[in-house]
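One structure is given below, encoded as structure tokens.
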Amino acid sequence: MADFTAKLVLAPMVRIGELPTRLLALKYGADLVWSPEIVDRKILTCERVYNKDLDTVDFLSSKGNKKIPGVTDLVFRTYRKLEKDRLIFQMGTANPELAVKAAKIIVKDVDGIDINAGCPKHFSIHSGMGAALLSTPDLLCSILTSLVEQVGKPERKPISVKIRLLEEKKDTLDLVVRLVKTGITNLTVHFRTREMRNREDPIRDYLDDIHKICKENNVSLIVNGGIRNYDNYKEIQSKYGSDVGCMIASAAERNVSCFRSQGQLNWPQVAKDYIETATRYNNHPSNIKYCLLRMVPGTASIHPVLNGLKESEEMRDALINIMGDDGEVKAGRDDITDDSRKRRRDVVENVDKRIRVNEECRV
Ligand SMILES: Cc1cc2nc3c(=O)[nH]c(=O)nc-3n(C[C@H](O)[C@H](O)[C@H](O)COP(=O)(O)O)c2cc1C
């Protein structure tokens, strides 16, 4: 059974936390990785398929993907050989019965089920999910106890929850006291309130109180919010206790090697590693592009090159053959094929055109 105590983990992140990012996070030193949030109703439309070409387990939706019509029906993919014992599946739900039904579909292929009770986005809260559950603690506790009794115990898999701070300390502590009695194994607290943005400093004023309640009830605590890298994780542990875990989101979105105890790698190296992993596991090109454009700084000359590409192989070519180790577009490479040279010329011309247009706009 996955143990959360004192672990350094990759946060759940919609779109970012697909298989390639999770595998890289594990490679670079994360102890556990969270899937992006997937809502119960979506899981209920899925069929489990073993993908023998990739050796992955895929969950395919019979309803397709509304955002990219006709393009993909892949909802979730896991590579058990590397993720086994380390993958926590995050679910969005506002209904105990649906949560249990959905969890039963997925539970054998993951190592824990986490409930999202912290997302402040409209799509979550308008249907009572995410941070809306902080205002309906009876419902949240009933979801958690149902999952613990009907899925966690029979399948021997941990059930956990991720929350944010409430406006008042007392309300937050009252909620924590209730949550730790539901049978959950771990509590993750994003130490910001629902109204706070990620760029604001987290509030850790009563982390000790939350930690004490967790400890007394044998529930592990993972601290989230503003943690940038491995050294930060060690600082948090030395300040708040060696049994405290840490979860990283935004910093891993920018550079997933932040989990390395030896210090993070430079972004071009990580981007190359990412594209190799993403193409190997046949990740969707639009998702590859989305993730790459978050890790490649907007000031790097390869950024507009990537921005102009659609196919995975083109992005791979751009990062492996066109970009130098410094993250800039290389000049004068003669060891590349005619095809990639032509494509390179096209994209470089494209960049030149964009630069010219930008400069003309500034005048
Ligand atoms: C791109 C992105 C997607 C996110 N998606 C989710 C999600 O699916 N579920 C969730 O509980 N939180 C989600 N979050 C919130 C993070 O898990 C985390 O709580 C928050 O970013 C604070 O951590 P940080 O300061 O390390 O960024 C997301 C954050 C980002 C940046």
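Inside region 35-66, residues that are open to solvent by 20 Å² or more (accessible area, probe 1.4 Å) and among the aromatic types (F, W, Y) make up a count of 1.
Only one residue in E253, E216, E235 is within 16 Å of the ligand (Cβ to nearest atom), more than 16 Å from A30 (Cα to Cα), among the acidic types (D, E) and surrounded by fewer than 22 Cβ atoms within 10 Å (Cβ to Cβ). Which one?
E235
Being of a type in the set (K, R) and over 16 Å from K42 (Cβ atoms) is the filter; apply it to region 84-127 and report the residue that is least open to solvent (accessible area, probe 1.4 Å). Within region 84-127, the match that is least open to solvent (accessible area, probe 1.4 Å) is R86. Of all residues in region 1-13, one or more are surrounded by fewer than 17 Cβ atoms within 10 Å (Cβ to Cβ), closer than 21 Å to F259 by Cα and away from the ligand (no atom under 16 Å from the Cβ).
Run R197 past the list (1) touching a residue at least 12 places away in the same chain (Cβ under 8 Å); (2) open to solvent by 50 Å² or more (accessible area, probe 1.4 Å); (3) over 17 Å from G17 (Cβ atoms) and report the number of the one that doesn't hold. Only one criterion is unmet by R197, namely (1). Within region 86-124, being more than 20 Å from T188 (Cα to Cα) and basic (K, R) holds for K101, K104, K108. The condition (being open to solvent by less than 80 Å² (accessible area, probe 1.4 Å), out of contact with any helix residue (DSSP H, G or I) (no Cβ under 9 Å at 6 or more places or on another chain) and modelled with pLDDT of 95 or more) is satisfied by just one residue among I210, I248, I203: I203.
Has region 239-247 got any residue that is within 16 Å of the ligand (Cβ to nearest atom) and touching a Lys or Arg at 6+ places or on another chain (Cβ under 7 Å)? Yes, region 239-247 contains a residue that is within 16 Å of the ligand (Cβ to nearest atom) and touching a Lys or Arg at 6+ places or on another chain (Cβ under 7 Å). Listed conditions (1) surrounded by fewer than 22 Cβ atoms within 10 Å (Cβ to Cβ); (2) not assigned by TED's automatic domain parsing to the domain that holds L19 are all met by C291, apart from (1). For T21, the conditions (1) of a type outside the set (K, R); (2) touching a residue at least 60 places away in the same chain (Cβ under 8 Å); (3) open to solvent by 40 Å² or more (accessible area, probe 1.4 Å) all hold with the exception of (3). Residue selection: R77 satisfies the criterion of being open to solvent by 20 Å² or more (accessible area, probe 1.4 Å), among the basic types (K, R) and touching a Phe, Trp or Tyr at 6+ places or on another chain (Cβ under 8 Å).
The values are calculated or read from the model by the stated rules, or taken from the named source; none is laboratory data. Only a predicted model underlies this, so the values are computations on that prediction, with no experimental measurement involved. Backbone-built Cβ (ideal geometry, glycine too); neighbour counts: all protein chains shown. Calculation scope for accessible area: heavy atoms of the full protein, side chains included, ligands and nucleic acids excluded. Shrake-Rupley method; radii C 1.70, N 1.55, O 1.52, S 1.80 Å.
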